[in-house]
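**Student:** Dumping the structure here so I can ask a few things about it.
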Amino acid sequence: MDNQALKLLITVGPTKEYIDPVRYISNDSSGKMGFAIAEEFYNQGVDIVVIAGPCQIKSLIPDDRIYRVVSAEEMFKTASQWFDWCDVAIFTAAVADYRPAFKLDQKFKKSSTDFQISWIRNPDIAGAFGKQKKDNQISIGFALETENLESNATKKLVEKKFDLVLLNSPNNKGEGFHYDTNRVAFFDKNRDIQYHNLKSKKEVAEDIYNWLETNYKLLTPVRTI
Ligand code: C5P
C-alpha cells in the first residue's frame with residue numbers, strides 16, 4: 001500500500017427482485033453487519049463507498065458515500081464502477097441468486113389456476129470482482145451456511161477468490177440476520193482458521209479491521225473524501 005487513504009468498497013443488505021410493481025422476492029438481511037463494518041472503517045479514516053440494498057439502518061456514513069440500490073443487477077452495475085478504485089472490497093450483501101425472467105408492468109391478477117415464474121441467475125458480484133481483482137486488491141466475503149459449514153466456506157473462498165471468508169450460521173441464536181451480535185469464523189486463503197466467540201457486530205467489524213492491519217500492514221489511512 002502507498003501512503004494514501006485506504007479505499008473500501010462494501011456491499012450491504014438484501015436485494016429485492018420485483019415480480020410486478022408491488023411484489024418481490026428478497027431475504028431477511030437487515031444490513032446491520034455491513035453497516036457496522038462500514039462505520040468501523042469510516043471511523044478509522046478509510047475512504048469508503050457503500051452499495052446498499054433496501055435496508056433501514058441509520059449510520060454515521062455521509063449520504064454521498066452511500067449508493068442505494070434495489071436489485072442485484074443494479075448492485076452489480078454500481079459496484080462494478082468502483083472495483084478498480086478500491087484497495088479492499090467487502091461483500092456483506094445477501095444478494096438474491098435469481099430474479100424473475102420478466103417483471104410485469106401491472107399488478108398480477110389472480111385466477112383460478114396455478115402459475116409458474118421462471119427465474120434467471122443474477123450476476124455474482126463477489127465472483128466477478130474475484131476474476132478481475134489485481135494482486136494488490138483484497139477481497140473479503142461472508143458465507144452464511146446452514147449445513148456443511150466448513151466445506152461450504154472453503155468452497156466459496158476458492159471459487160470467489162476471496163482472501164478471507166467469514167463463516168456464520170443462522171442455526172444458532174444470536175448469529176446472522178437481524179441480531180446485534182454475530183459469531184464468525186475467519187477462514188483465510190492460507191487455510192488458517194480462527195473461531196471467534198459471540199460478539200457484537202461492532203466487535204466483529206473491529207476484528208475484520210484488525211485482521212487487515214495484521215495481515216497486510218495497512219498504513220494509518222487519512223481520508224481524502
Ligand atoms: O450467496 P453466497 O453464499 O454465494 O454468498 C457468498 C458471498 O458472495 C457473500 O460475501 C455475498 O455478499 C457474495 N455474493 C455476491 N453476489 C451474489 C451472491 C453472493 O456478491 N450474487
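The values are calculated or read from the model by the stated rules, or taken from the named source; none is laboratory data. The model shown is predicted, which means the values in this text are computed figures rather than measured ones. All Cβ positions, even for glycine, are placed from backbone atoms using ideal geometry, and neighbour counts span all protein chains on display. Please note that ligands, DNA and RNA were not included when accessible areas were found on the heavy atoms of the full protein model with its side chains. Shrake-Rupley method; radii C 1.70, N 1.55, O 1.52, S 1.80 Å.
**Student:** Would it be correct to say that residue 70 is assigned to a strand (DSSP E or B), touching a Gly at 6+ places or on another chain (Cβ under 8 Å) and either of a type outside the set (Gly, Ala, Ser) or more than 20 Å from residue 14 (Cα to Cα) (or both)?
**Tutor:** So residue 70 does not fit the description; no.
**Student:** Right, here's the next one. Quick check, is residue 154 farther than 15 Å from residue 9 by Cα and within 12 Å of the ligand (Cβ to nearest atom)?
**Tutor:** Taking the combined requirement at face value, the residue does not satisfy it.
**Student:** Here's a follow-up. May I ask you to verify whether residue 213 is in contact with a helix residue (DSSP H, G or I) (Cβ under 8 Å, 6 or more places away or on another chain), away from the ligand (no atom under 16 Å from the Cβ) and within 18 Å of residue 90 (Cα to Cα)?
**Tutor:** No, not satisfied.
**Student:** Something else now. Conditions: (1) part of a loop (DSSP other than H, G, I, E, B); (2) within 25 Å of residue 20 (Cβ to Cβ); (3) touching a residue at least 60 places away in the same chain (Cβ under 8 Å). Residue 75 meets all but one. Number of the miss?
**Tutor:** Every listed condition holds for residue 75 apart from (1).
**Student:** Another one. Please specify each residue of the range 1-46 satisfying the condition of being within 23 Å of residue 100 (Cα to Cα), at pLDDT 95 or above and either open to solvent by 10 Å² or more (accessible area, probe 1.4 Å) or of a type in the set (S, T, N, Q) (or both).
**Tutor:** 11, 15, 16, 18, 19, 21, 22, 23, 24, 25, 26
**Student:** Which members of the range 192-207 meet the condition of being charged (D, E, K, R) and in contact (Cβ under 8 Å) with a residue 12 or more places away in the chain?
**Tutor:** Across the range 192-207, the qualifying residues are 199, 201, 202, 206, 207.
**Student:** Further question on the same structure: Within the range 47-85, work out how many residues are within 14 Å of the ligand (Cβ to nearest atom), open to solvent by less than 30 Å² (accessible area, probe 1.4 Å) and hydrophobic (A, V, I, L, M, F, W, C).
**Tutor:** Residues in the range 47-85 being within 14 Å of the ligand (Cβ to nearest atom), open to solvent by less than 30 Å² (accessible area, probe 1.4 Å) and hydrophobic (A, V, I, L, M, F, W, C): 9 in total.
**Student:** Inside the range 110-184, counting only strands (runs of 3 or more DSSP E) that do not spill past its ends, which hold 1 or more residues that are open to solvent by 40 Å² or more (accessible area, probe 1.4 Å), farther than 12 Å from residue 91 by Cβ and without any contact (Cβ under 8 Å) to a residue 60 or more places away in the chain?
**Tutor:** 119-121
**Student:** When the residues of the range 86-109 are narrowed to those that are of a type outside the set (D, E, K, R) and surrounded by fewer than 17 Cβ atoms within 10 Å (Cβ to Cβ), which ends up nearest to the ligand (Cβ to nearest atom)?
**Tutor:** So, considering only residues that are of a type outside the set (D, E, K, R) and surrounded by fewer than 17 Cβ atoms within 10 Å (Cβ to Cβ), the one nearest to the ligand (Cβ to nearest atom) is 98.
**Student:** Give the residues of the range 157-204 that are under 21 Å from residue 12 (Cα atoms) and polar (S, T, N, Q), sorted by residue number.
**Tutor:** 168, 169, 181, 182, 200
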